[in-house]
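Peer 1: For reference, the structure I am asking about is given below.
The values are calculated or read from the model by the stated rules, or taken from the named source; none is laboratory data. Since we're looking at a predicted model, the values are computed, not measured. So basically every Cβ, Gly included, is an ideal-geometry build from the backbone, and we count neighbours across all protein chains shown. Calculation scope for accessible area: heavy atoms of the full protein, side chains included, ligands and nucleic acids excluded. Shrake-Rupley method; radii C 1.70, N 1.55, O 1.52, S 1.80 Å.
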Amino acid sequence: MIRIVIAEDQGMLLSALGSLLNLEEDMEVIGKAKNGEEAIKMVKSLQPDICIMDIEMPVKSGLDAAEQLKGEPCHVIILTTFARSGYFQRARSANVRGYLLKDSPSEELVDAVRTIMDGRRIYAPELIDMVYRDESPLTDREEQVIKLIADGKTTKEIAKELYLTNGTVRNYVSVILDKLGVSNRIEAISKFREQGWF
């Protein structure tokens, strides 16, 4: 029997997924969580084979939870409406075994659970294409700068933290705005977040 925990903040969808998976003879839903924090606790206490997780949930996101569960024997499947390359890359680095979109047919989820239990990975095809199309144009250093900007740091504070001069930080900010095709820091943060690159 494949033991499953589902983490989904929309109650109706959580119930529907649970019912769908429980109809399968070889699957049993042993826990339902409404956020990433609950999912982590359930995985650690119930020791399921699979945890199916949404990304955008209150308290702790599915990606944050997946990163915390990286060392656990449970296989994580992300099931989301968001086909964003940044999210997908984060999921892959958290060793997520599957990444499926909610508009996929329900049989795909059931097949994915069995395939992942056989030791393989399942990723929605549109995500693979997107990764090669939508990678962040910023260098590692530029990403450090934009993350500090998003944290509310001033040019002076960023310079101090990264051991740079104020002028160098201003140059980085100018390059970031140019690469992202935006006119100010707020738009840059918004676009970077929208793409799922944070």
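Peer 1: With every protein chain left in place, what is the accessible area per residue of the stretch 159-198 in square angstrom, probe 1.4 Å?
Peer 2: Roughly 63 Å² per residue, with all protein chains present.
Peer 1: Do any GluC sites (Glu not before Pro) in the stretch 1-50 lie in a DSSP loop with no more than 11 other beta carbon atoms within 10 Å, and if so, which?
Peer 2: Glu25
Peer 1: By how many nm would the segment from Thr115 to Ser19 grow when fully extended, if each residue of separation counts as 0.36 nm and the alpha-carbon distance is taken off?
Peer 2: 32.6 nm
Peer 1: May I pose another question? Angle check, please: helix 185-194 long axis (alpha carbons) against the longest principal axis of the chain (alpha carbons), in degrees 0 to 90, nearest 10.
Peer 2: That works out to roughly 20 degrees.
Peer 1: Starting from the residue with the highest accessible area, list Ile4, Ile189 in decreasing order, probe 1.4 Å.
Peer 2: Greatest to least solvent exposure: Ile189, Ile4.
Peer 1: Quick one: pull the percent of accessible area on the chain belonging to carbon and sulfur, 1.4 Å probe, ligands and nucleic acids left out.
Peer 2: Roughly 48 percent of what the probe reaches on the chain is carbon or sulfur.
Peer 1: Compute a Gaussian network model of the chain, connecting alpha carbons closer than 10 Å, and tell me which residue from Glu143, Glu161, Glu67 fluctuates the most.
Peer 2: In the Gaussian network model the winner is Glu161.
Peer 1: Please give the FRET efficiency for Thr139 paired with Lys102, using the beta carbon to beta carbon distance and R0 = 35 Å, rounded to the nearest 0.05.
Peer 2: 0.55
Peer 1: Let me ask something else about it. I want to verify a result. In a Gaussian network model of the chain, Cα cutoff 10 Å, which of these has the top mean-square fluctuation: Arg141, Arg97, Arg120?
Peer 2: Between Arg141, Arg97, Arg120, it is Arg141 that shows the largest mean-square fluctuation.
Peer 1: Solvent-accessible area of Lys191, probe 1.4 Å, all protein chains present, reported in Å² to the nearest ten, please.
Peer 2: Here the residue's solvent-accessible area equals roughly 70 Å².
Peer 1: Taking a 26 Å limit on the Cα-Cα distance, which of the listed pairs Lys153/Lys191; Lys60/Lys191; Lys70/Lys156; Lys34/Lys102; Lys70/Lys179; Lys60/Lys147 fall beyond it?
Peer 2: Lys70/Lys156; Lys70/Lys179
Peer 1: I'd like to check one number: the per residue accessible area of the stretch 1-109, probe 1.4 Å, reported in Å² as a whole number.
Peer 2: With the other protein chains kept in place, the stretch 1-109 gives 45 Å² per residue.
Peer 1: Along Cα→Cβ, 7 Å out, is where each label goes; now give me the distance between the ones at Ile30 and Ser183 in nm to one decimal.
Peer 2: Result for the modelled spin labels: 5.7 nm.
Peer 1: Would you indicate which of (1) 25, 20, 16; (2) 37, 17, 14; (3) 28, 20, 14 is the value of semi-axes √(5λ) of the Cα gyration tensor in Å derived from the coordinates of this structure?
Peer 2: So the structure-derived entry is (2).
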